[in-house]
Amino acid sequence: METKKLKNKCSCLNYLGDQYESFIVDCPSSGGGKSGGLIFLWNLVFNVKIKMHDLFYIDTVISYSTNNSCWRCTDMYGYPNWLIFGDFNMILNSNEKLGGNLP
């Protein structure tokens, strides 16, 4: 989510309580701290590893603490107001496929 704020100005995080965690990418100083900036929020029932990030994306690996299922999640924000979020079900190797016929 775009914050349009610098990290030290995200006072809304104080209201989330102890059940949530966040990762913030600051706005670029070229915009005067009033455009861009990203925040990724998650409930602590999930384990989140931040793999990479820059001004326009946060790349994460998310696992659920009760059954160890794992997802890769990349949140992007870019020009012109382009937001991509989802599960693309990409199979990179045939050994990743379970069930059904191989392509």
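A short reminder: the numbers here are calculations on the coordinates, not readings from a lab. Predicted model only: the values in this text are computed from it and were never measured. All Cβ positions, even for glycine, are placed from backbone atoms using ideal geometry, and neighbour counts span all protein chains on display.
Structure summary
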read-out	value
Burial ordering of Tyr57, Tyr77, Tyr15, Tyr64, fewest other beta-carbon atoms within 10 Å first	Tyr15, Tyr64, Tyr57, Tyr77
Residues Val48, Val61 arranged by fewest to most Cβ contacts within 10 Å	Val61, Val48
Residue order, fewest to most surrounding Cβ atoms within 10 angstrom, among Leu92, Leu41	Leu92, Leu41
